[in-house]
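Have a look at the structure below, then the notes.
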Amino acid sequence: MDGDAKWQRWRQEIFGDPYQVWHEGPDFTALIEAARREPRTVERMLRAGLAEGDTVAAQAFTALAAAGLAPADAVSILRTALIRAQDEFRVRVAEGLYALTRDPGWATPLAGVLAGAQSEFVRLDAAVALAGFPPTTALVRAMAAAVQDPEYLVRYHATNALLRWSGDRRRVDDVPALFEKISDRAQGSWRVAAEELTARLCR
């Protein structure tokens, strides 16, 4: 049985039906239990999952980090995976690296996805993930650009991230003046919203 087949079988044993995992998100309870019993097996299988570009394998490292059960060389494993990672997989790997190291520099590959991914859903995923990082000048600039994204959902999540960074816990739905701007069809309105949000962080 090749590595992919072994990973797929183990993945189903640990996380359950692939459609349910995709639809509802993975439950990491069995993974945590397995990591306590057979840490070497878990590490080997997660390496195989990363080699297949499986986002669940990347997410598993975040869950293991939170439980204090990450493999000793988890950072090296994920750094290697990041080299060729694209789109959602790149987002999940960068999140894992941040969970393990708490180094805000891992926001850089996420910002690249936010700016360059072809899929609007991948870009909004990056915006949501970046909201969990501390704001830096570069990140604020990247998120302000995303407030001007042609797709509404990307603008929406980028705006929420900037609000959060400014200390405003409201969602943009509850800030009518901003919501009106990002909902407008005119790019000029999006630019004004981005400028207003950036100004909040520069006070």
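None of the figures in this text is laboratory data; all of them are computed from the coordinates on show. Bear in mind that the values here come from a model prediction, so they are computed numbers and not experimental data. Every residue, glycine as well, gets a Cβ built from its backbone with ideal geometry; the counts of neighbours run over all protein chains shown.
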*Sort out which residues of the range 61-78 are assigned to a helix (DSSP H, G or I) and either among the aliphatic types (A, V, I, L, M) or in contact with a helix residue (DSSP H, G or I) (Cβ under 7 Å, 6 or more places away or on another chain) (or both), and write them in order of number.*
F61, T62, A63, L64, A65, A66, A74, V75, I77, L78
*Could you tell me which numbered condition H23 fails, if it satisfies all but one of (1) under 19 Å from A99 (Cβ atoms); (2) within 20 Å of the chain's Cα centre (by Cα)?*
(1)
*Restricting the search to the range 15-32, which residues are surrounded by fewer than 12 Cβ atoms within 10 Å (Cβ to Cβ) and either among the hydrophobic types (A, V, I, L, M, F, W, C) or within 20 Å of A66 (Cβ to Cβ) (or both)?*
W22, E24, G25, T29
